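The values are calculated or read from the model by the stated rules, or taken from the named source; none is laboratory data. The shown structure was predicted, so the numbers you read here are calculated from the model rather than taken from an experiment. Please note: Cβ atoms are built from the backbone with ideal geometry, for glycine as well, and neighbour counts cover all protein chains shown. Protein only, heavy atoms only, side chains kept; ligands, DNA and RNA dropped before computing areas. Shrake-Rupley method; radii C 1.70, N 1.55, O 1.52, S 1.80 Å.
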Amino acid sequence: MGILKEKFIDGYDYKDIDIFILSNSNGMVAKITNFGGIVISLIVPDRNGKYEDVVLGYDRLEDYFENRFYFGGIIGRHANRIENSKLEIKDIEYNLKNNEGRHHLHGGDKGFHKVIWDAETVIINNRECLQLTYLSRDGEENYPGNLKTTVTYSLGDDNSLRIDYFAVSDKDTVINLTNHSYFNLSWHGAGDITNHQLKIYSDKFTPINEEGIPTGEILEVTGTQLDFTSMKPVGTGLLSDDIHIKKGNGFDHNWVLKVSGTHPEKAAELYDPESGRFMEVYTTKPGIQFFSGNNLSSDKEAKDKIRYSKWGGLCLETQYFPNSLKHKHFPSPIFSAGKEYRHTTIYRFMTR
Ligand code: BGC
């Protein structure tokens, strides 16, 4: 139990970059680095009590400096895409970095998954937590406002990883944070997730165009491969010729959740029949992006000398809807100066 700290050394001792090892009374372990707030490993039992790492990642710190798949990182200031990289707040236009074609993705060139966070261990509600803080200066990646951000990771004895986000700015700004862990409940190197079964607590999604940008429509999932109102293998949709899947090159869509925002509510369940591992996702935010790891490739050796390939892991990213700045009927991620952003997401593990 508790939190241990060790240096993240792989050839070079980078000052101020450590690995924090969180564990609970059942032997669940989370390894998190204050570089990017990245969840490097998450070790949970299968139905036979075998503990394995269920998130994708690298062994070497240097590989996280590029991290082109955003493995495990905190995504900010804005998760997912902003069309044409344009941010307009009260008639002031900010040109963000276009780091994906014309568009802005996951905070720009140096998003929150690439910055060094200050780390300390704190006790909140009798629970030992890893608290990461970062001050993103006014103008960083062209976003307005000095943004004070705190992300708190903790493990519960119910085998849950809890992430509490807090941010506040001194200017009106956009705030949309998430975590980009890729899960493979069989084991991070087990191959593709097509046999994983998913349920999403939503009957609506935001369709995208060919560039992965929500068009502004909100559609019923009924009759599409995006219908996860009851558990089904994700491979069924991936191998289909559903028009929405074609546009996303797999699953890469946002579902509309019915959460109240006041406390974490169930958003999704993921089950791996092979290992028996079952994961629940709870959140306070109105959207969840299910991304099926469509672009994963084997170009780089990852943890345990594994080379990942397409669909090797999947993300369930809780957030405001992508491109909400353009579509005023989407819940707004704009926070006026001094208004506090709060977000809690819980990933809870069980077996069946
Ligand atoms: C997005 C994908 C993107 C991926 C980057 C996901 O959150 O939805 O479109 O390619 O992140 O690894």
Query raised in the report: Inside the stretch 216-234, can you point out the residues that are open to solvent by 50 Å² or more (accessible area, probe 1.4 Å) and charged (D, E, K, R)?
Result: E217, E220
**Report entry** Candidates G250, G276, G312 - the one that is open to solvent by less than 60 Å² (accessible area, probe 1.4 Å), over 13 Å from H196 (Cα atoms) and not aromatic (F, W, Y)
**Finding:** G250
Report task. Tell me which residues, restricted to the stretch 51-70, are open to solvent by 10 Å² or more (accessible area, probe 1.4 Å), in contact (Cβ under 8 Å) with a residue 40 or more places away in the chain and either part of a strand (DSSP E or B) or of a type in the set (D, E, K, R) (or both). Result -> E52, D53, D59, R60, E62, D63
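So, in the stretch 78-109, how many residues would count as being part of a loop (DSSP other than H, G, I, E, B) and surrounded by 14 or more Cβ atoms within 10 Å (Cβ to Cβ)? Quick ask: steps written out before the conclusion?
Kept after step one, since they are part of a loop (DSSP other than H, G, I, E, B), are these residues of the stretch 78-109: 79-80, 90-91, 96-99, 101-102, 106-109.
Then drop every residue that is not surrounded by 14 or more Cβ atoms within 10 Å (Cβ to Cβ), which leaves 79-80, 96-99, 106-108.
The number of residues fulfilling the criteria is 9.
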Requested in this report: Considering only the stretch 135-182, state which residues are part of a strand (DSSP E or B) and among the β-branched types (V, I, T).
Outcome: T149, T150, V151, T152, I163, V168, T173, V174, T178
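Could you identify the single residue in K258, K326 that is open to solvent by 10 Å² or more (accessible area, probe 1.4 Å) and more than 18 Å from D227 (Cα to Cα)?
Numbers: K258 fails: more than 18 Å from D227 (Cα to Cα).
Residue meeting the stated conditions: K326.
I'd like to check which strands (runs of 3 or more DSSP E) are fully inside the stretch 234-327 and have at least 3 residues that are away from the ligand (no atom under 13 Å from the Cβ), of a type in the set (A, V, I, L, M) and within 19 Å of the chain's Cα centre (by Cα). Outline the logic, then answer.
Values: elements: 252-256, 265-271, 277-283, 287-291, 315-319.
Passing ranges, in order: 265-271.
Taking the conditions exactly as written (of a type in the set (A, V, I, L, M) and under 30 Å from N99 (Cβ atoms)), does I175 satisfy them or not?
Numbers: of a type in the set (A, V, I, L, M): yes; under 30 Å from N99 (Cβ atoms): yes.
When the stated conditions are applied, I175 passes them.
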Report task. Can you confirm whether the stretch 105-125 contains a residue that is closer than 18 Å to I213 by Cα and more than 13 Å from the ligand (Cβ to nearest atom)? Result -> yes
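Every residue in the stretch 126-174 that is among the aliphatic types (A, V, I, L, M), under 19 Å from the mean Cα position of the chain (by Cα) and more than 30 Å from P45 (Cβ to Cβ), please. Reasoning before the result, please.
Initially, the stretch 126-174 is screened for residues among the aliphatic types (A, V, I, L, M), giving 130, 132, 135, 147, 151, 155, 161, 163, 167-168, 174.
So of that shortlist, the ones also under 19 Å from the mean Cα position of the chain (by Cα) come out as 130, 132, 151, 155, 161, 163, 167, 174.
Listed by number, the residues that qualify are A167, V174.
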Report task. Tell me, yes or no, whether the stretch 2-20 has at least one residue that is modelled with pLDDT of 95 or more, under 22 Å from I163 (Cα atoms) and in a loop (DSSP other than H, G, I, E, B). Result -> no
Report task. Please determine, by comparing only the residues of the stretch 333-352 that are within 15 Å of N176 (Cβ to Cβ) and not hydroxyl-bearing (S, T, Y), which one is surrounded by the fewest Cβ atoms within 10 Å (Cβ to Cβ). Result -> E340
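Before we move on, is Y153 open to solvent by less than 20 Å² (accessible area, probe 1.4 Å), more than 24 Å from P331 (Cα to Cα), touching a residue at least 40 places away in the same chain (Cβ under 8 Å) and in contact with a Gly (Cβ under 6 Å, 6 or more places away or on another chain)?
Here the answer is no, as Y153 does not meet what is asked.
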**Report entry** Yes/no for L185 being among the hydrophobic types (A, V, I, L, M, F, W, C), assigned to a loop (DSSP other than H, G, I, E, B) and surrounded by 22 or more Cβ atoms within 10 Å (Cβ to Cβ)
**Finding:** yes
Report task. Go through the stretch 175-197 residue by residue and tally those that are within 16 Å of the ligand (Cβ to nearest atom), under 25 Å from P331 (Cα atoms) and touching a Leu at 6+ places or on another chain (Cβ under 8 Å). Result -> 1
